[in-house]
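Working notes, beginning with the structure itself.
The values are calculated or read from the model by the stated rules, or taken from the named source; none is laboratory data. Keep in mind the model is a prediction, meaning the values are calculated, not measured. Here the Cβ positions follow ideal geometry from the backbone for every residue, glycine too, while neighbour counts run over all protein chains shown.
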Amino acid sequence: MITVLILVSVSVAGWYTWDKVDVVRNFIEEKVSGNDFQTLEIRYSSDEIIQNHRDELLKDSSYTLIEPKLLFYPYLLMEVKYTKSSGVTGEGTLLWGLSDGEMVLDTHSWEKTHGFEDCLLAKASKNDFKVITALVESGGVIDRERLFHRFKVDHDILDDWVDSCRSKKLIALTGNKMRLHFQSPKFGTNPITKIGHSLVTNSAKYASKCKRHYSPAQIRQLTQIVFGKDFGIRKTEEVFLPVHRIAIQNPDGSIFTTYWNALTGKRLDLS
């Protein structure tokens, strides 16, 4: 009996470690996979980007190019299912940044959301997202009376929701009106990323992988809260976005560093 209890305890601990402790999970996966990892396919080399943006990067002969470096930024790729507005089940793929905490809306343009990282940092709850969703659907601003009629809960409960969002700096109040407390907020309403690029296998032996700021477990938990009870994650996989780091030495000796999306060839703001 004691042996069985020990085996059960070890199994539960092992499952929890695999599911929640990403460092252990990554270590095991890399060893099993032979140090290979999945990346989105490079479409623009650093040489092409430098040539296309030479006037911006190398203004004259006094500017010196430093050897470009290829970096890989981590993303969580999820196969998901959800309920569409029409009431039928939809299935698709969702790509979420493990460095910036934002959802990718379209890989062709690399358009992303803005605001989910603040929610991650604030540990936003299900009730916080009820208020945020109401604001998003109202164009970013709503008054307390409209919010009350939307949810039809006790005033004390609604006040608790609003106070929670305010304390976490997710909304701001001006008189009787509340607004989203983000600069240029953008939230994805459907849990789908338009993906138009292939995945390829790369060797991790000499690859420069960038650090995660958020774990897959945090992203999974956030998406379950954001997209509701009908949202389900069928499978997840960590993939990487190739990014060219291009640095220029200025005439005064200072270094000007830029980052470029190897899929789109466009500059990224990674500040």
TODO: Could you check residue 248 against (1) of a type outside the set (Lys, Arg); (2) touching a Leu at 6+ places or on another chain (Cβ under 7 Å); (3) loosely packed, with under 15 Cβ neighbours inside 10 Å and say which number it fails?
DONE: (3)
Open item on the list: Residue under question is residue 40, and the condition is that it be modelled with pLDDT of 95 or more and under 26 Å from residue 99 (Cα atoms); does it hold?
Closed with: no
- [ ] Kindly indicate the residue of region 193-225 that is of a type in the set (Lys, Arg) and more than 17 Å from residue 73 (Cα to Cα) and also nearest to the chain's Cα centre (by Cα) among those meeting that condition.
- [x] 220
TODO: Inspect all residues belonging to region 188-198 and state whether any of them is surrounded by 14 or more Cβ atoms within 10 Å (Cβ to Cβ) and farther than 25 Å from residue 87 by Cα.
DONE: yes
Task: Qualifying residue in region 171-190 (condition: small (Gly, Ala, Ser) and either under 29 Å from residue 241 (Cα atoms) or touching a Phe, Trp or Tyr at 6+ places or on another chain (Cβ under 6 Å) (or both)) - done: yes
- [ ] Determine if region 120-142 includes at least one residue that is under 30 Å from residue 262 (Cβ atoms) and not assigned by TED's automatic domain parsing to the domain that holds residue 224.
- [x] yes
Task: Any hit, region 68-83, residues being without any contact (Cβ under 8 Å) to a residue 40 or more places away in the chain and among the basic types (Lys, Arg) - done: no
Task: Those residues of region 119-131 which are of a type in the set (Gly, Ala, Ser), surrounded by fewer than 21 Cβ atoms within 10 Å (Cβ to Cβ) and in contact (Cβ under 8 Å) with a residue 60 or more places away in the chain, in sequence order - done: 125
